[in-house]
Amino acid sequence: MLGRTHGQAAVPITFGLKVAVFASEVARQRERMRQATPRIVVGKMSGAVGTGAAFGPQALEIQTSVMTELGIGFEEAATQVVGRDRHAEFIGILANLAASLEKFCTEVRNLQRTEIAEVAEAFEGKSQVGSSTMAQKENPVASENVCSLARIVRSLVTPALENVPLWHERDLTNSAAERILIPHACVLIDEMMAKTTEIFRTLRVFPDRMKANLEATQGQVMAEAVMMALVAKGLGRQEAHKLVRDAAQNARTKGIHLREALLAEARISKLLSKGEIETAMDPTAYLGQSVSIIDATLKRLR
């Protein structure tokens, strides 16, 4: 399929590599949560300002015993409350995850555009309605929902950070906000994860459309491959770049295939035979280490 940068056709990629990138990102998010858990899941039982005075000489033993019974860590040095930097880290991790989920679903939305149409969310033809007036539509509504909720989760980072600087050993400026932001962040992330999982589990992928979009560029996406083939023949990279760039612009201006423009350029055809140009113009031969990267990613994650 087309790889795209700046919204423009770049060089060929595979859909598998695109999803491997997503899978690796999910794995990092899981690892962040695992690593942060000991810092986040803690309690304290050391009195009104953290001294433990009311519990007597066994105060620390009491705190350790209670937290062990609860199966959580304890705040070694606390005020009246557990440090809100811990809560802020938790919300920050969820916001980061929300950004990743929005990234994945934004890609689905873009690839489902009518003019691209390379993937699409599942659509129940017998019962699902795409639009109340435009009967032909199949909208990526689940992906749009995830993207919408992601904005809410990310917006919770600011109040979580604002809750960190309490006055002295504590005040209540964190309390009302936390009753909203912590449960909301958890509930929304849970919903977003469930939706995103279902989107990718049932995603429709259209290889023929991917091929058609590649071919619609009339070879333009293979310009880099031709440039590298010229370099392999001993031509300087900058000179090779200029030759191929001029040929690509000429092809676009005339509305012809890049192959024709390359063959018409004597300085290129002198170095590359017609067969070598054909080989360089083959997208399936310019996928680099895509398969190895995908296999290594799957092996690691499994």
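Name the one entry in 211, 195 that is out of contact with any helix residue (DSSP H, G or I) (no Cβ under 7 Å at 6 or more places or on another chain), under 30 Å from residue 138 (Cβ atoms), in a helix (DSSP H, G or I) and of a type in the set (Lys, Arg). The unique qualifying residue is 211.
Identify, by number, the condition in (1) assigned by TED's automatic domain parsing to the domain that holds residue 84; (2) under 24 Å from residue 12 (Cβ atoms); (3) out of contact with any helix residue (DSSP H, G or I) (no Cβ under 9 Å at 6 or more places or on another chain) that residue 172 doesn't meet. Only one criterion in (1) assigned by TED's automatic domain parsing to the domain that holds residue 84; (2) under 24 Å from residue 12 (Cβ atoms); (3) out of contact with any helix residue (DSSP H, G or I) (no Cβ under 9 Å at 6 or more places or on another chain) is unmet by residue 172, namely (2).
In the stretch 156-179 there is no residue that is within 29 Å of the chain's Cα centre (by Cα) and among the basic types (Lys, Arg).
Has the stretch 61-84 got at least one residue that is among the basic types (Lys, Arg) and in contact with a strand residue (DSSP E or B) (Cβ under 9 Å, 6 or more places away or on another chain)? Steps first, please.
From the stretch 61-84, those among the basic types (Lys, Arg) are 84; that's our starting set.
The next check asks that each one be in contact with a strand residue (DSSP E or B) (Cβ under 9 Å, 6 or more places away or on another chain); those that pass are none.
There is no residue in the stretch 61-84 that is among the basic types (Lys, Arg) and in contact with a strand residue (DSSP E or B) (Cβ under 9 Å, 6 or more places away or on another chain).
Kindly indicate which of 79, 51 is exposed (fewer than 14 other Cβ atoms within 10 Å of the Cβ) and either assigned by TED's automatic domain parsing to the domain that holds residue 157 or not in a helix (DSSP H, G or I) (or both). Give the derivation first.
Working: 79 fails: exposed (fewer than 14 other Cβ atoms within 10 Å of the Cβ).
None of the other options fit; the residue is 51.
Of the helices (runs of 4 or more DSSP H) lying entirely inside the stretch 262-302, those containing at least 2 residues that are of a type in the set (Val, Ile, Thr) and farther than 22 Å from residue 252 by Cα are 290-301.
Of 179, 154, 204, all but one fail to be surrounded by 14 or more Cβ atoms within 10 Å (Cβ to Cβ) and among the basic types (Lys, Arg); the exception is 154.
Can you pull out every residue in the stretch 198-256 that is closer than 27 Å to residue 117 by Cα and of a type in the set (Val, Ile, Thr)? Within the stretch 198-256, 199, 202, 205, 217, 221, 253, 256 qualify.
Being surrounded by 15 or more Cβ atoms within 10 Å (Cβ to Cβ) and hydrophobic (A, V, I, L, M, F, W, C) holds for only one residue in 119, 66, and it is 119.
The values are calculated or read from the model by the stated rules, or taken from the named source; none is laboratory data. Source: prediction; values computed, not measured. Every residue, glycine among them, receives a Cβ derived from its backbone with ideal geometry; neighbour counts consider all protein chains shown.
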